Structures are given as C-alpha cells and as structure tokens.
C-alpha cells in the first residue's frame, strides 16, 4: 500500500504504528526520527524503524505516508520543519489526543499542503511510554477518531480509513470540537483526577503506609496516573477549557454524593450510587466490531 | 481444622470464603443463611453451602467458625440475632470494609462473647455482586487486615490468621482507626469519585455519545463504579468523616493542577503530573509474598 513511512516521534504510539504497518505488510520501509538520537537509535535496533533520519524533514523526504507521534504542543513546530518536503500525494496523520489545537496548527502552517492532513486520534495507549513498549497490536480492536477538514482530500481520507481498518481499528468521524468535548469527559478529566488522587495521597505523612494497603480497585482507578507527563501536560493545556468544564461537572456530582453523606441520607445516597453503578454496569468498552450510535 | 462454618450472607464475599475453605479442606460442612431465601437456595444449588438455615441464629447453631458477610450497617442487627447461640470457642469474623463501626457494634452487642470476634477486612472484591460470582480464589494473593481488640482471645486471633494464610492471603494487623483512615484514602474515596465520574457524564445530554467513545483508560478508572450500591452506601456512611477528609485532600490536589492549567503554567503543571506519575509508576499491588513496612 505504501512505500515509505516517515515516522516523527518513535515512542509508544509511533513505534506501535510502524510495527503494525510492517506486520500487516502495508509498508516497505520506515524512516524514523525522534528528538532524542538515542531513541531513534533504539528504535532501529529494535526493528521498529529501518533507517534513522537526522531530522524530521529528512524523515519525510521520499515518504508517501507520514505519521506525527509527538506531544501535541510540538505539532506546530513539527509541521513547520517538514512542510517544505511534503508532496500533495503524501498522506499525513497525527495521533494526538486533542484535535482543535492540532487542526489550528495545521491551518496556520501547512497552507497548500493542508489537504494532505487527516487528523487522527487512536483510542489506545498504555501507562508506560517509550519505544521499548511498542506493540504491533496496540491499535487492534480499538476505535480511531478522524476529524477531517473541509479541505482534506477525499482520497487521503479514504486511505487513512483503510490503513486504520487494516490495523484492526474501527474508524469514526467527528468534528475537532465534538472530539475535544467528548474526550475531555471520558479521558482527559479521568487522567487529571487520577493525577490528583496520587498527589493527594503522596502529600500525607502516612502516604507510604496507605499505598502499602491499597488493593486492586486502587490499582485500576489510578493506572492512568502513570501516564507520560509531557504528553499529558500538553493535552491538559490544549484542551483546558473543556477539561475545566468537565471538572466542574464532576465536582457537582461529588457535591451531591457528599451532601447525602453529611445529612446523612442513606436512601438518597443509595439512589445516587445505583445510578452510577447501573450506568457503569451497562457500559462495555467499544470494540472494533461493536455497533455505535451515529454522530 | 473446622467442623462447621456458619455463613451469614451468601454473596460474593461470603460465598467465596465458603468455597475457598471447602477447597482447602478446612471445613466439613457449611450452613448458610441469606436475608433473601432465593439467595440461600441458589447458594446451596451452586454447592457454595451444604445446608440452608432459615435464620442467622440457626446458621450459627453448632458452628465452630462463623463469618458475617453482610453490608456493614447490618452487622449490629446480625450480632444481636446470633449472640445467644455463640459459644466462647466459636471463632467469629466479618469481612467489612470499615472497622471502627463494626468494632463498636461488637462491643455493644456481643458483651461476654466479644473475645470470640476477630474483625477482618480482606482487600479483595469484584465489580459484580452475588453468589453466582463466588470464586474460591478471590482471597488468594490478597492482603487481609485484622483489627483485633484488647479483649480478643489470642487463640482465636491465631486461628483467624491461620485460616486466611491457608487461603493464600497475607495477614496484617492494624487498629480499627488506622484501618479506616487508610482505606478512606485508598479505597472509599476512589469509589466515591468513580460514582461521581459516572453520574457527571450521565447528567450531560451527550452522555450516550461520550460513553460510546471511551477507551481502556476510562474502563479501568471507572471499574469500581459498578460496585454494589447497598454495600457502598453503608461503607461511605460508616466512614464518612474520614472519606470527607480525604475528599478535601483530593480537591486541594485537583485545585493545584487546575491552577496551573488556568494560568497557564506548563512547567508547574508538568512537575505536578511527574510527581503523580512517578508515585504511581513506583507502586505495585501488594501481594501475599511482598514485603511491607511495619505498622
């Protein structure tokens, strides 16, 4: 399908994409670049990329597909450094967890190459970072949200869909704004709260004992707190208006529960917990094969 | 080791204890009682108990070990209904997630039988309730906290330790107060927040679409929101002073993160996330074999 993938950012997300593309026989050669030369070297040693590029620009040279897998705040700079070598026939995608800021950066920088760009957000990840954890199956049975622009070339969009489907993902389309609102609620706020939960415990003198007593519920509730700090700094800043609005919603729901505890009003408390428990019991992780409501 | 287990409450926790005890060959006969006759019947049909008792009192009759596995608020009533048939040689335990209230109920009701009682909290559970999910391995490789009283008979305490160890658990001792403080932080507050997170989403008009977009991070963060409502109503009420204090700590940690988002102050935000991420990365679920700090 493709001759050469230009991979910018050889971390967990980018490395997993390269491995998956290779394993599916969709690309002949992967040229990779990471900001840290030791990461690029390691990616080659691990067979994630075939050729180390000394710059983002050179990673793009000759590529017919380009993936940006960098912290979202680095997107604009990356676009700037590669735009001169993008041909109109090159498919360009990102894997960022926010979309409005990425789209704004693309509009500002890419100009006549804007139709090449298909903004993408695969709903996959892991609480560990780095190319060592790259996994060809990371995107399998996961959703991928594409937020195409009016300018996006339809053939690029179609190929983007094909690529993700070939990796076992289910593709959905949204506007960048609807994407950012939804993911503030179901991903960004949960990360923020998980960070806060860890910091709240760490700030107490009994932190070490508390942590030695925690069980499987705590393990799952806080798993995402181990996520990559620079990646999440960028996401929380880029989408801060939506995240702060969702935090206010959470605080209101917490206020309601706490009011029942303070009264105390057992039946009202039980009712609120039942609502939450029923909603969570009815939910299952959307898979590539499940049906979804139309947008 | 035991002739007869009197099981009061044939749900997930109680049923799993009965199955584990049987599988380890530690008990000859299980006599069970649940408030709902259909649950007791189902427990017998599933082989979790051998004999259905028509009352808590009759479940205790002839037992040399008794386990209370009822919502914590039902503990005092249960003690009242069984105390007349408790012999001084019967080991009595509970599995409640709070300990100060349970100990207070035992002091009020059990009186001369108080030395029989070894308050216990196994750090195990599941987001599903009911005897159908009972599992002989539920307590394997998990911690069990015992909060013995000055009055607790040392031989009962020793036997309680032996039982849990035989089921593959690691036993730790704490005071009821230290237990309740710690579990407010690492279990009760996370449950409260997970309930609030589900309710906050459910309250929004786009709830259905949001939930259809959520990924593995959301799945793990909210898993405990599916917990049993009446069990958690009781826990949150019984330990509400500690839980509300921990909630204030969490809100302060959340305030600090949000202040960095609002400024915005990227470096300070990254520092706070790094603290959380480092703390979570350094943590692993305590297992039955791991070493722990002394209390």
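The values are calculated or read from the model by the stated rules, or taken from the named source; none is laboratory data. In this text, all values refer to a predicted model and were calculated from it rather than measured experimentally. All Cβ positions, even for glycine, are placed from backbone atoms using ideal geometry, and neighbour counts span all protein chains on display.
Answer with yes or no whether residue A:271 is surrounded by fewer than 23 Cβ atoms within 10 Å (Cβ to Cβ), more than 28 Å from the chain's Cα centre (by Cα) and in a helix (DSSP H, G or I). It is true that residue A:271 is surrounded by fewer than 23 Cβ atoms within 10 Å (Cβ to Cβ), more than 28 Å from the chain's Cα centre (by Cα) and in a helix (DSSP H, G or I).
Taking the criterion of being at pLDDT 95 or above, farther than 12 Å from residue A:35 by Cβ and surrounded by fewer than 24 Cβ atoms within 10 Å (Cβ to Cβ), the only residue of region A:66-78 that qualifies is A:76. The selection criterion, being over 22 Å from residue A:71 (Cβ atoms) and more than 7 Å from every other protein chain (Cβ to nearest Cβ), holds for residue B:251. Please determine whether any residue of region B:144-154 is within 12 Å of chain A (Cβ to nearest Cβ), crowded, with 19+ Cβ neighbours inside 10 Å and assigned to a strand (DSSP E or B). Checked region B:144-154: at least one residue is within 12 Å of chain A (Cβ to nearest Cβ), crowded, with 19+ Cβ neighbours inside 10 Å and assigned to a strand (DSSP E or B). Do the conditions hold for residue B:19, that is, is it outside any loop (DSSP other than H, G, I, E, B), in contact (Cβ under 8 Å) with a residue 12 or more places away in the chain, touching a helix residue (DSSP H, G or I) at 6+ places or on another chain (Cβ under 9 Å) and surrounded by 17 or more Cβ atoms within 10 Å (Cβ to Cβ)? So residue B:19 fails the test.
Yes/no matrix, rows are residues, columns are (1) closer than 15 Å to residue B:61 by Cα; (2) modelled with pLDDT under 95; (3) within 21 Å of the chain's Cα centre (by Cα):
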position: B:3; (1), (2), (3): yes, no, no
position: B:6; (1), (2), (3): yes, no, yes
position: B:9; (1), (2), (3): no, no, yes
position: B:14; (1), (2), (3): no, no, yes
position: B:17; (1), (2), (3): no, no, yes
position: B:25; (1), (2), (3): no, no, no
position: B:29; (1), (2), (3): yes, no, no
position: B:39; (1), (2), (3): no, no, yes
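For (1) within 7 Å of another protein chain (Cβ to nearest Cβ); (2) in contact with a helix residue (DSSP H, G or I) (Cβ under 8 Å, 6 or more places away or on another chain); (3) in contact (Cβ under 8 Å) with a residue 12 or more places away in the chain, each residue gets a yes or a no:
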residue: A:169; (1), (2), (3): no, no, yes
residue: A:177; (1), (2), (3): no, yes, yes
residue: A:185; (1), (2), (3): yes, yes, yes
residue: A:199; (1), (2), (3): yes, yes, no
residue: A:202; (1), (2), (3): yes, yes, no
residue: A:208; (1), (2), (3): yes, no, no
residue: A:214; (1), (2), (3): yes, yes, no
residue: A:225; (1), (2), (3): yes, yes, yes
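Residues considered: B:170, B:223. Of these, the only one that is under 30 Å from residue A:244 (Cα atoms) and over 14 Å from the mean Cα position of the chain (by Cα) is B:223. Just checking, does region B:162-181 include any residue being closer than 30 Å to residue A:182 by Cα and surrounded by 23 or more Cβ atoms within 10 Å (Cβ to Cβ)? Checked against the condition, which is being closer than 30 Å to residue A:182 by Cα and surrounded by 23 or more Cβ atoms within 10 Å (Cβ to Cβ), region B:162-181 yields no hits at all. Looking at A:294, A:265, A:278, just one residue is over 18 Å from the mean Cα position of the chain (by Cα), at pLDDT below 95 and more than 23 Å from residue B:285 (Cβ to Cβ), and that residue is A:294. In region A:229-242, the residue that is surrounded by the fewest Cβ atoms within 10 Å (Cβ to Cβ) out of those that are touching a residue at least 40 places away in the same chain (Cβ under 8 Å) and more than 7 Å from every other protein chain (Cβ to nearest Cβ) is A:242. Evaluating residue B:44 against the criteria (1) in contact (Cβ under 8 Å) with a residue 24 or more places away in the chain; (2) within 27 Å of residue B:227 (Cβ to Cβ) leaves one unmet condition, (1).
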